[in-house]
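The values are calculated or read from the model by the stated rules, or taken from the named source; none is laboratory data. Remember, predicted model here, so these are calculated numbers, not experimental data. Cβ placement follows ideal geometry from the backbone for every residue including glycine, while neighbour counts extend to all protein chains displayed. Areas reflect the complete protein model, heavy atoms only, side chains present, ligands, DNA and RNA absent. Shrake-Rupley method; radii C 1.70, N 1.55, O 1.52, S 1.80 Å.
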There are 2 protein chains.
Amino acid sequence: MSLIVMKFGGSSVGTTERMARVAQRIVDKKLQGHRVVVVVSAMGDTTDDLIDKARELNDNPPSREMDMLLTTGEQISVALLSMAIHKIGHEAKSFTGWQAGIVTEEVHSKAKINDISPARIHTALDQGCIVIVAGFQGMSENGEITTLGRGGSDTTAVALAAAVGADVCEIYTDVDGIYSTDPRVVKCARKLDVISYDEMLELAHLGAAVLHPRAVEYAKLYKVNLVVRSSFTQNEGTLVREEAEMEQGIVVRGIAFDKNVARISVLGVEDTPGVLARMFGALAAAGIDVDIIVQSGVMHGKADFSFTVSLADRARALDVIAGINTEVPYREATFEENLVKVSIVGAGMVSNPGVAAKMFEAISKAGVSIKMVSTSEIKVSCVIAAEPVQEVVRALHTAYGLDTAETAFVGGPQERR
Amino acid sequence: MSLIVMKFGGSSVGTTERMARVAQRIVDKKLQGHRVVVVVSAMGDTTDDLIDKARELNDNPPSREMDMLLTTGEQISVALLSMAIHKIGHEAKSFTGWQAGIVTEEVHSKAKINDISPARIHTALDQGCIVIVAGFQGMSENGEITTLGRGGSDTTAVALAAAVGADVCEIYTDVDGIYSTDPRVVKCARKLDVISYDEMLELAHLGAAVLHPRAVEYAKLYKVNLVVRSSFTQNEGTLVREEAEMEQGIVVRGIAFDKNVARISVLGVEDTPGVLARMFGALAAAGIDVDIIVQSGVMHGKADFSFTVSLADRARALDVIAGINTEVPYREATFEENLVKVSIVGAGMVSNPGVAAKMFEAISKAGVSIKMVSTSEIKVSCVIAAEPVQEVVRALHTAYGLDTAETAFVGGPQERR
């Protein structure tokens, strides 16, 4: 008998009909002989409706009161889901975040989980109940209601799985797993049976919005086996697990791309010590996330820098750069938009020379010039013009052999749990 | 500087516009120099919407989960109201029932309050905050979320007023006070400046739905000064307080009537000891509230009984009576509907002979026959045919001098607080 955490997102429980289907799915899992803890998000548009009401009253509401407001969305979901399970004839108990023992720091709208005391969950499981916990929320030590911010319900599920010692944490969503690239762009994109935490992190950060990076980090830290699968089908999904247990030989696992990219270039910077630290220190102080940084060689004591930020941060980043011109003398700052960052991700590439070269070749064959390059142990990213990104992704997908039938693993995810 | 509890019902905060008006009203109270604790119900139709959702999933949902569901309604209200107050530039803090320290028995859907630990409320007041507490809800000692059932938010307000030692508990509603009778029936019905707890209890039980009897009982027990007033006007409202502090001389304070009455008659009952106890014991065991009970004299060892129940309980009451026919032999059981119970209420009638006689005279002058009579120290009730009840109420209103300008009290409610 396994202990399984099942997490359902807002679209999976968007209507009472869907809620009833989810209830049946949970009961089926119980009937297979498992102990089940469920984490659920707010129903479909509930959170947006609550935010709309708040904005009607206050365009800048205090975050403490927003947490008080928004946590009701998940509380409604857990109560209704429990009722739906009772309707099928099984015992269930719903819990708010604080009832489930989820203790967070006292930071509203983006609290981190400090501790989970799952005594009440274990008691309810011992009574034979299906346990249903409100995602996204917790309580500070002073009894203040908090929310976990973006990716909160995924994080609740993974943290609970770690706290109760679950065998697996299943994340149910509206896609049936992690794909080798976006199936809307590359028709022959393949669903992956398995992927490592690190690969998933790269893919999650790079715009595969299925699983929040924070939840993946948590899973990696506590070695929680994660499965991403569909709420709507019985397909197997993708297992996210430790790399060491995975077969070698897959060089590139997937291809991600991100259009939310602006490049800023600072030209003719006087090359004195500490220049970089001052420039990027100022950007960090302004809360601007910088992704790729490239410095060209120094000529005549002057250097050129380029870096990328999200489109939303572009104007503010230029302001910051303008503001430090006296401190960091430079000739001019320019920016470029309509770009895309294409990345190949794979834990196997560390030991495979020529992986990056193959990427550059595929991009150049598509007649596209590369504006920036960044590499990590399991990733190569290139910034290129936004058009024709589809052709480039398709070419890379083919170049790394991802179009073919899936490389054989020993068994599917089911046997690996 | 007074400490004031203000309670707003669901229709007072039914829309965000109304919510904003309520926020201004609360801030005005604060600006008068008072410390303010607010109790608020769920917005307008929220509770009904939640119940509808629950019924879609389970026609007989567990009460624990209904409590989990319905308490979100008040939590949404307190958060939004706090935001609206912040918008006007004042500090406010919202609290759920459990955060406010409201400890109840662990009975779902109709819990009684066991204790209130208002430490967090006092801390927030000391910080200069307006405190906003979710009505209708609490927490058991085991951390289960409970609701207080009917009249719950009124009860929360009165119990909090007692716990924090408030100078007055103001119940804001959609009428501007307690009237001498229903103003929709008698045009010259007068708003009362003051009424005793006992009189209010009689009127509340008799269908003046402004204030829940349970809250009045709580107020009487803890000697909480209650004011019933309008959310929509600045009118003074009605003060509910201890009788001893009130002027004597008002014989009849108000006239109530209740159309939710069925009369059941059990005829030819064998007059053996314990007959009444067995009959009404059986009704009580079936959860049927019996109001007026009348027994005629015994003739030839047989007695006739009549009693009233609510219309909804009529059929079940007849079933119970039929079921005990072997145990309590009787000739026949009949029932009558289309009745109304008219009551005159007034603490002063104890020491005034002839009050009941005047009532019977007024009713008979209207050409109406009296079917049942019941009296208490501060009330006389007559059951009569439902038509013409308006003429009867008007006649009584005139007969007891309630049509005239209000009897002068020493000062209005304002000075009495």
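Just B:Lys30, B:Lys187, B:Lys93 to compare: in a GNM of chain B, with alpha carbon springs under 10 Å, which one fluctuates most?
B:Lys187
Any chance you could get the radius of gyration and Dmax over the Cα atoms of the protein assembly as shown, in Å?
35.5, 129
Straight distance only, please: which lysines reach the Cα of B:Lys365 with their own Cα at less than 20 Å, same-chain residues fewer than 8 apart left out?
B:Lys341
Taking the Cα centre as origin and putting +1 on Lys and Arg beta-carbons and -1 on Asp and Glu beta-carbons, what dipole magnitude results for the protein assembly as shown, to the nearest 20 debye?
Once rounded to the nearest 20, the dipole reads 400 debye.
Where is the GNM fluctuation largest for chain A (alpha-carbon springs, 10 angstrom cutoff): A:Asp48, A:Asp258, A:Asp67?
A:Asp48
Counting DSSP beta bridges in chain B, what percent are antiparallel, to the nearest 5?
60
Hey, rough spin-label estimate for B:Ser376 and B:Thr272, points 7 angstrom out along Cα→Cβ, what's it come to in nanometres?
So the label points at B:Ser376 and B:Thr272 sit 3.4 nm apart.
How far apart, in nm, are the 7 Å Cα→Cβ label points at A:Asp28 and B:Glu91?
5.4
Per residue, how much accessible surface does chain B expose to a 1.4 Å probe? Answer in Å², no decimals.
About 41 Å² of surface per residue is accessible.
With unit charges on the beta carbons (Lys and Arg positive, Asp and Glu negative) and the dipole taken about the Cα centre of chain B, which residue among B:Ile178, B:Ser381, B:Ala219 sits farthest to the positive side?
B:Ile178
Rounded to the nearest 5, what is the percent of antiparallel bridges among the DSSP beta bridges in the protein assembly as shown?
Among the beta bridges of the protein assembly as shown, antiparallel pairing accounts for roughly 60 percent.
Whole-Hz Karplus ³J(HN,Hα) for the stretch B:100-108, in order, using 6.51 cos²θ - 1.76 cosθ + 1.60 and θ = phi - 60°, x for Gly and Pro?
Values per residue, Gly and Pro as x: 7, x, 8, 9, 10, 5, 8, 10, 7 Hz.
Counting only Cβ atoms, what residue of chain B lies nearest to the axis that sends chain B onto chain A, and how many whole Å off?
Taking the axis that maps B onto A, the answer comes out as B:Thr72, 2.
Given charges of +1 on the Cβ of Lys and Arg and -1 on the Cβ of Asp and Glu, with all other atoms neutral, how large is the dipole of the stretch A:118-259 about its Cα centre, in debye to the nearest 20?
380
Scale the Cα Rg of chain A by the rule-of-thumb value 2.2 N^0.38 Å and send over the ratio, two decimals.
That works out to 1.09 for chain A.
Among the GluC sites (Glu not before Pro) within the stretch A:273-375, which fall in a DSSP loop and have no more than 12 other Cβ atoms within 10 Å of their own Cβ?
Sparse-neighbourhood loop GluC sites (Glu not before Pro): A:Glu327, A:Glu337.
If you roll a 1.4 Å probe over chain A with all protein chains in place, what percent of the accessible area is carbon or sulfur?
The computed percentage sits at 49.
Hey, for a label at A:Met1 modelled as a point 7 Å past Cα toward Cβ, could you say which residues of the stretch A:133-177 have their backbone N under 19 Å away?
Residues A:161, A:164-169 fall inside that zone.
Accessible area lost on pairing A with B, both sides, 1.4 Å probe, Å² to nearest 100?
The contact between B and A buries close to 3500 Å².
So if I take the centroid of the Cα atoms in the stretch A:101-176 and the same for the stretch B:119-140, what is the distance between those two points in Å?
26
Tell me, what is the FRET efficiency for A:Glu105 and B:Ala119 to the nearest 0.05, using R0 = 22 angstrom and their Cβ-Cβ distance as r?
0.50
Among A:Met349, A:Met139, A:Met279, which one moves the most in a GNM of chain A with springs linking Cα atoms closer than 10 Å?
A:Met279
Non-local amide H neighbours of A:Leu402 (under 5 Å, H modeled in plane, Pro and chain starts lacking H): which ones?
Amide H neighbours of A:Leu402, under 5 Å, 5+ apart: none.
When we measure straight from the Cα of B:Lys223, which lysines land under 25 angstrom away, once same-chain ones fewer than 8 places off are left out?
B:Lys7, B:Lys29, B:Lys30, B:Lys110, B:Lys112, B:Lys191, B:Lys379
³J(HN,Hα) across the stretch B:226-234 via Karplus (A = 6.51, B = -1.76, C = 1.60, θ = phi - 60°), whole Hz, x for Gly/Pro?
Ordered by residue, 3J(HN,Hα) equals 10, 10, 9, 8, 8, 6, 9, 10, 9 Hz.
Between A:Ala356 and B:Arg21, what is the FRET efficiency for a Förster distance of 60 Å, r being their Cβ-Cβ separation, to the nearest 0.05?
So the FRET efficiency works out to roughly 0.40.
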